[in-house]
Amino acid sequence: MTAARDDQLARLEHLLGRLLVGGVAVSAVCLAAGLAASMAAWPASDSILDVGLGVLMATPILRVVVSLVEYARQRDRVFTAATLAVLLVLGGTLYAAWRAVH
Amino acid sequence: MAAGATAGCLGALLGIGGGVFLVPFLNLVVGLPFLSAAGISLMTVIATSSAVSARTAGRQLINLRLGMVLEIATSAGGLAGGITVARLSDRALHVLFAVATAGVSGIMLTRLDRRNVILDRAVDPGPLGGRYFEAESGGDVTYRVRRLPVALFASFLAGSLSSLLGIGGGILKVPVLNAWCGVPMRAAAATSAFMIGVTAVAAAPIYYARGNIVPELAAAAVLGVLAGSRAGFRIGEGVRARGLKLLMALVLAGVSLSYLLR
């Protein structure tokens, strides 16, 4: 029983790990490009930087979403609920951010 | 950028976001307003967290379940802090932070040699405990989690402080996990490193929307931190748990002093 759970945990960890690496990589590339563009005084530099920061912020959020899906698949009620709770809080953050601009 | 690299290095070593160094640097040395420093630092926290936990993933050091449960409290604290930070006085925050880090440093120092690992493989870790291989102990180590309510409360505090001050909050989470909740140092560091990214993103979008973040500086800091954390991770492989705890306690003491003196 615990061995199976360990396996599932390991798989989830691997998936999350790859997601994180991907997110960071994309974000880093965008930020580097945006920084270079900024130094060269390209007008597009702002947008590129914004995308980079956006991807950076999206990475942990996606992390939580992926965990949610995985726990739901494993029919792990307690941790599905926990992950969902976190996602709700993050939803609150995004709402507050949206409100700050509008 | 160099500051980002140092912060990232230390962050990867200790399982904290490194924001505790970056914020004072941006605020005092570079002269940015506190909110800008905090906002940029939160971005680097996300970067460190993602980078470090991407690398520790797969070794079962990150206690995903415990982390997620605690994250409910932490991110709630982060959201609360993100909303209220614009209304609090700098001085109040500094003093609060100095006191908290001094206290935690003290706790860590008095518990330097306590070991939380149970070496018997047959012991059931319970729903929130974990098991992983540690070369230092010569085999798989198992641990159970104790005092969850304390951890939840501390996590909420950590989350609030995180968003108020622009730090990862791991600086409180790791000692709490380690000293009060029975989680061994490496697992605590890894779990915390994983968690702080989520906590930071509970507040970062709000900073971003308020226009606190200077994109070019944020980009430079993040890239610096990513480079630094690669270095820090390599160094961390050979360090023993006691050394990690001592380093952490000393770092906290230094941080506390620097804020008290402001």
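Bear in mind that the values in this text are calculations on the coordinates, not laboratory data. None of these values were measured; they are calculated from a predicted model. Backbone-built Cβ (ideal geometry, glycine too); neighbour counts: all protein chains shown.
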Tensor-based shape of chain A (alpha-carbon gyration tensor, a/c under 1.5 rounded, otherwise prolate or oblate): oblate
Take each of the peptides B:187-196, A:15-24, B:83-92, average the number of other beta-carbon atoms within 10 Å over its residues, and list them starting from the highest. B:187-196, A:15-24, B:83-92
Report the net charge of residues surrounding A:Leu90, where surrounding means a beta-carbon distance below 11 angstrom and charges are Lys +1, Arg +1, Asp -1, Glu -1. 0
Compute the distance in nm between two label points, each set 7 Å from the Cα along the Cα-to-Cβ direction, one at A:Arg99 and one at B:Val99. 2.9
What is the gain in length, in nm to one decimal, between B:Arg87 and B:Phe153 on full extension, counting 0.36 nm per residue of separation less the C-alpha to C-alpha distance? 21.5 nm
Take peptides B:150-158, A:91-99 and line them up by average Cβ neighbours within 10 Å, highest first, as a rough protection proxy. B:150-158, A:91-99
At 7 Å along Cα-to-Cβ for each site, give me the label-to-label distance between A:Leu88 and A:His14 in nm. 3.4
For the stretch A:28-34, take each phi angle, set θ = phi - 60°, evaluate the Karplus expression 6.51 cos²θ - 1.76 cosθ + 1.60, and give the result in whole Hz per residue in order, putting x for glycine and proline. 4, 4, 4, 5, 4, 4, x
Counting other beta carbons within 10 Å of each Cβ, put A:His102, A:His14, B:His94 in order, fewest first. A:His102, A:His14, B:His94
Net charge (Lys, Arg +1; Asp, Glu -1) of residues whose beta-carbon lies under 9 Å from that of A:Ser38, A:Ser38 excluded, is -2
What angle, in degrees between 0 and 90 and rounded to the nearest 10, separates the Cα long axis of helix A:77-101 from the longest principal axis of the Cα atoms of chain A? 20
